[in-house]
Amino acid sequence: MITPEFLAIWLAWTLAGASPGPATLGIASTAMARGRRAGLGFALGILAGSASWGIAAALGVSALMLANAWVFEIIRYAGASYLMWLALKALKRVLQPSEHGALSRPYQGSFSRLFTKGALVHLTNPKAIIGWGSIYAIAAPAEASVATLFGYFGLLFSASICVFLGYAVLFSSPQAVRLYRGLSRWFDLLFAGFFGVASFKILTARL
């Protein structure tokens with residue numbers, strides 16, 4: 001069931017995916033240095049890793065919630081803490097101009113090697129499964145079925161597809177890179193405000 005609360009969480013998920021991190025900066029730097037095809041190869045690997053964690057979390061979170069109702073509350077608070085951490089991280093970037101707009105080193109290799117490297121970036125990132133599990137616990141009712149969780153997975157993953165592939169396309173353009181570096185401070189202020197409000201809403205919501 002698509003509720004206003006879920007739409008807000010979907011937007012938070014999309015913004016979290018678009019905010020600077022190992023995945024987005026890796027895609028951007030690779031696309032900028034080696035072109036759109038290389039960026040897409042790395043982005044598709046990131047998506048494969050994300051899908052693996054998303055499916056694993058859907059199955060695991062569903063089983064845990066059915067067996068232990070208290071797990072719902074723990075993951076809920078973990079999700080709120082994660083969003084607050086993202087807000088503080090964005091504020092830190094705003095207050096440190098020297099780091100603003102910096103991209104990571106580009107990844108090298110063939111299309112298949114870039115795909116593998118992208119998948120490994122996400123598969124070895126423990127925050128990925130924490131993020132998926134937290135979003136499931138926040139968005140879904142405690143009695144949510146596996147089918148419901150996989151429905152949420154499809155909607156959330158569609159946002160990830162748009163973000164990661166969009167980064168690969170956009171950052172293969174020099175104009176987009178210049179725009180990003182010029183507006184990155186304002187983007188981070190937006191991220192910080194949204195994540196802070198979302199975290200507060202989660203902590204104070206009556207579920």
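The values are calculated or read from the model by the stated rules, or taken from the named source; none is laboratory data. What you see is a predicted model, and the numbers here were worked out from it, not measured in a lab. Cβ coordinates were reconstructed from backbone atoms using ideal geometry, including for glycine residues, and neighbour counts include every protein chain displayed. Only protein heavy atoms, including side chains, enter the accessible area calculation; ligands, DNA and RNA are left aside. Shrake-Rupley method; radii C 1.70, N 1.55, O 1.52, S 1.80 Å.
Take the conditions (1) open to solvent by less than 20 Å² (accessible area, probe 1.4 Å); (2) at pLDDT 80 or above; residue 61 misses just one of them, which is (2).
Matching residues to (1) at pLDDT 70 or above; (2) outside any helix (DSSP H, G or I):
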| residue | (1), (2) |
| --- | --- |
| 81 | yes, no |
| 92 | yes, no |
| 98 | no, no |
| 101 | no, yes |
| 104 | no, yes |
| 108 | yes, yes |
| 133 | yes, no |
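Applying the criterion of being in a helix (DSSP H, G or I) and open to solvent by 60 Å² or more (accessible area, probe 1.4 Å) to the residues of segment 118-128, the residue that is modelled with the highest pLDDT is 120. Determine whether residue 20 is surrounded by fewer than 22 Cβ atoms within 10 Å (Cβ to Cβ) and modelled with pLDDT under 75. No. Filtering segment 149-166 to residues that are free of Cβ contacts under 8 Å to residues at least 12 places away in the same chain and either within 18 Å of residue 58 (Cα to Cα) or touching a helix residue (DSSP H, G or I) at 6+ places or on another chain (Cβ under 8 Å) (or both) leaves 151, 154, 158.
Going residue by residue through segment 25-43, is there one that turns out to be under 17 Å from the mean Cα position of the chain (by Cα) and at pLDDT below 70? For segment 25-43, residues under 17 Å from the mean Cα position of the chain (by Cα) and at pLDDT below 70: absent. Any idea which residue in segment 146-172 is surrounded by the most Cβ atoms within 10 Å (Cβ to Cβ), counting only those that are at pLDDT 85 or above and among the hydroxyl-bearing types (Ser, Thr, Tyr)? The qualifying residue surrounded by the most Cβ atoms within 10 Å (Cβ to Cβ) is 167.
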